[in-house]
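Reviewing the structure listed below.
The values are calculated or read from the model by the stated rules, or taken from the named source; none is laboratory data. Bear in mind that the values here come from a model prediction, so they are computed numbers and not experimental data. When we count neighbours, we look across all protein chains shown, and the Cβ atoms used for this are built from the backbone with ideal geometry, even at glycine. These area figures cover heavy atoms from the full protein model, side chains too; ligands, DNA and RNA do not enter into them. Shrake-Rupley method; radii C 1.70, N 1.55, O 1.52, S 1.80 Å.
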Amino acid sequence: MGTEHKIGNFLLEVCSSSPTSALAAQRGGASRIELCQSLESGGITPSYAQIKLARRHLSIGIFVLIRPRSGNFVYSELEFEEMLQDVEFCKTAGCDGVVIGVLDADGQVDIPRMAQLIAAAKPMQVVFHRAFDVCADPKKALEEIIELGCDRILTSGQQETALAGKEMLRELIEHAAGRIEIMPGAGVDENNIAEILRHTNAYSIHSSAKVVKRSSVRKLNPAIKSMNEDMIYTSQERTQALVQQLEALTNA
């Protein structure tokens with residue numbers, strides 16, 4: 001298990017798509033990480049090796065995304081079984097929590113399946129992820145997620161970015177009234193983090209602090225156009241810039 005350290009009055013979660021990126025987040029001063037892979041497609045569950053290596057090398061909290069594929073959050077029986085097994089592995093690997101979200105075809109929280117996943121996850125913490133942002137009724141979903149016993153909701157306020165959804169985020173935090181942590185995320189960077197936190201009154205926030213790196217391969221087969229795409233990494237420097245903004249906001 002890892003530890004979470006506050007940055008002034010705040011907590012900074014950094015979404016990292018590899019152990020290498022997770023280490024950069026830790027060096028940059030992140031409070032905890034959300035570990036995933038394939039960030040370019042919204043993130044899916046990382047491999048067991050990635051989870052084990054991240055836990056071995058990190059001292060901060062690790063929350064693992066449990067999402068078997070990209071796309072919607074309505075899962076088949078086999079996909080759901082995969083999620084349960086991934087949750088069990090995270091528990092044995094010493095992770096601090098899992099990040100999950102299951103809906104039905106009508107955009108409602110799938111309460112029976114969520115209850116199964118939460119039971120499998122305990123005593124780890126459970127975060128309901130941005131599946132919340134496509135729920136048909138956010139206030140109803142909020143109450144159901146609280147009743148289920150989740151510890152936190154990661155949300156952009158049902159908009160493409162947390163900045164665009166700041167009004168809804170503020171409403172959710174007021175409505176939750178301390179019963180669950182509401183964590184803004186999506187499009188958060190060093191230029192808008194302070195505005196989002198000031199407006200919403202959130203105390204934790206989620207960012208990828210990412211940079212895009214071009215491939216270092218110099219010689220390619222010109223007949224093949226794929227398999228040499230740009231790569232996304234967490235930036236230690238951008239994480240540090242976020243930390244600096246949180247420190248400044250605390251001292252303002």
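Residue-by-condition table, conditions (1) within 24 Å of residue 71 (Cβ to Cβ); (2) in a helix (DSSP H, G or I):
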site	(1), (2)
153	yes, no
157	yes, no
163	no, no
175	no, yes
249	no, yes
Q: Report whether or not residue 111 is among the aliphatic types (A, V, I, L, M), under 23 Å from residue 140 (Cβ atoms), at pLDDT 95 or above and open to solvent by 20 Å² or more (accessible area, probe 1.4 Å).
A: yes
Q: With respect to residue 182, determine if the residue is among the β-branched types (Val, Ile, Thr), open to solvent by less than 30 Å² (accessible area, probe 1.4 Å), in contact with a strand residue (DSSP E or B) (Cβ under 6 Å, 6 or more places away or on another chain) and more than 20 Å from residue 39 (Cβ to Cβ).
A: yes
Q: For residue 152, state whether it is in contact with a strand residue (DSSP E or B) (Cβ under 7 Å, 6 or more places away or on another chain) and either open to solvent by 70 Å² or more (accessible area, probe 1.4 Å) or at pLDDT below 95 (or both).
A: no
Q) If residue 97 satisfies every condition in (1) open to solvent by less than 40 Å² (accessible area, probe 1.4 Å); (2) of a type outside the set (A, V, I, L, M, F, W, C); (3) touching a Lys or Arg at 6+ places or on another chain (Cβ under 9 Å); (4) over 24 Å from residue 14 (Cα atoms) but one, which is the exception? A) (4)
**Q.** Residues satisfying the stated conditions in segment 71-115, i.e. free of Cβ contacts under 8 Å to residues at least 40 places away in the same chain and charged (D, E, K, R)
**A.** 77, 79, 81, 82, 88, 91, 104, 106, 110, 113
Q: Please find, among 223, 202, the residue that is part of a loop (DSSP other than H, G, I, E, B) and over 22 Å from the mean Cα position of the chain (by Cα).
A: 223
Q. Does residue 233 satisfy the condition of being closer than 29 Å to residue 132 by Cβ, open to solvent by 70 Å² or more (accessible area, probe 1.4 Å) and under 19 Å from the mean Cα position of the chain (by Cα)?
A. no
Q: Scan segment 15-57 for residues that are out of contact with any helix residue (DSSP H, G or I) (no Cβ under 6 Å at 6 or more places or on another chain), among the charged types (D, E, K, R) and farther than 21 Å from residue 161 by Cβ and report the count.
A: 4
Q.
For the list (1) out of contact with any His (no Cβ under 9 Å at 6 or more places or on another chain); (2) modelled with pLDDT of 90 or more; (3) within 28 Å of residue 19 (Cβ to Cβ), I need the number of the one condition that residue 195 fails.
A. (3)
